[in-house]
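Everything below concerns the one structure shown next.
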Amino acid sequence: MTAVPSSSRTSSGLPRAGEARSGIAPIKGVDAALLQVVLFWVGAILLPLGLVVIVLGWYGAANTPYQYDQLSYLVSGGLLGLGLTFCGGFLYFGAWLARIAADGRESSKRLADTLLLLAETSGTSTAEAVDLGAIPVVAGDGTTMHRRDCALIAHRDDLRPVGEANAHLTACRVCRPGNRG
């Protein structure tokens, strides 16, 4: 497999017509990574900002002898600061959970690819390289057999390798899993 250099791609990220493609689906989940970064930075800003607002509210309430002024500092500084601190903490925690989920998905995909490779190569003693994209798979309980790198199922997480009893399955007309060349 050869990767397409980024200089030969169009503005949409797809290879130009006539260029070789690697056959592997493009990376999905860029929006999830962006959401994680946004949650992290908004939480990282709101959490200390809330603490600063609490300290400013305390300072204002401590330096006035009038109760009505102290109440306004308590509401504006204390409660607003507490709200900002909690929101920042929850967003920071959400970024951490998003990171754990992304790592879990990546590990799951690596494990699935490894298991598909082992399922395909088990029983053979040849030392030739196996193209992961050429492994025939079925998505879910489907009746259509696809290549692992078929664009129609590249986003699916429920792929399973096709066994020896695949006579009831129809071959995909897009990726043609029966053709190895």
Only one of L97, L116 that is at pLDDT 85 or above, outside the structural domain of R173 (by TED's automatic domain parsing) and out of contact with any Asp or Glu (no Cβ under 7 Å at 6 or more places or on another chain): L97
May I ask you to list pairs of residues, at least six apart or on different chains, whose Cβ atoms are under 7 Å apart, with the first in segment 43-72 being assigned by TED's automatic domain parsing to the domain that holds G83 and the second being assigned to a loop (DSSP other than H, G, I, E, B)? Q70/T64
Only residues in segment 77-106 that are touching a residue at least 40 places away in the same chain (Cβ under 8 Å) and under 27 Å from I54 (Cβ atoms) count as the first member; pair them with residues that are aromatic (F, W, Y) and in a helix (DSSP H, G or I), Cβ under 7 angstrom, at least 6 apart or cross-chain, and list the lot. Y92/F40; A95/F40
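A quick yes/no check of all residues on (1) surrounded by 15 or more Cβ atoms within 10 Å (Cβ to Cβ); (2) in a helix (DSSP H, G or I); (3) modelled with pLDDT of 90 or more; (4) of a type in the set (S, T, N, Q):
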| site | (1), (2), (3), (4) |
| --- | --- |
| W41 | no, yes, yes, no |
| L47 | yes, yes, yes, no |
| V53 | yes, yes, yes, no |
| T64 | no, no, no, yes |
| Y68 | no, yes, no, no |
| Y73 | yes, yes, no, no |
| G78 | yes, yes, no, no |
| G81 | yes, yes, yes, no |
Please go through segment 135-181 and give me each residue that is in a strand (DSSP E or B) and not small (G, A, S), ordered by number. P136, V137, V138, T144, M145, H146, R147, L159, R160, P161, T170
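The values are calculated or read from the model by the stated rules, or taken from the named source; none is laboratory data. Fair warning: this is a prediction, and the values are worked out from it, not measured in the lab. So basically every Cβ, Gly included, is an ideal-geometry build from the backbone, and we count neighbours across all protein chains shown.
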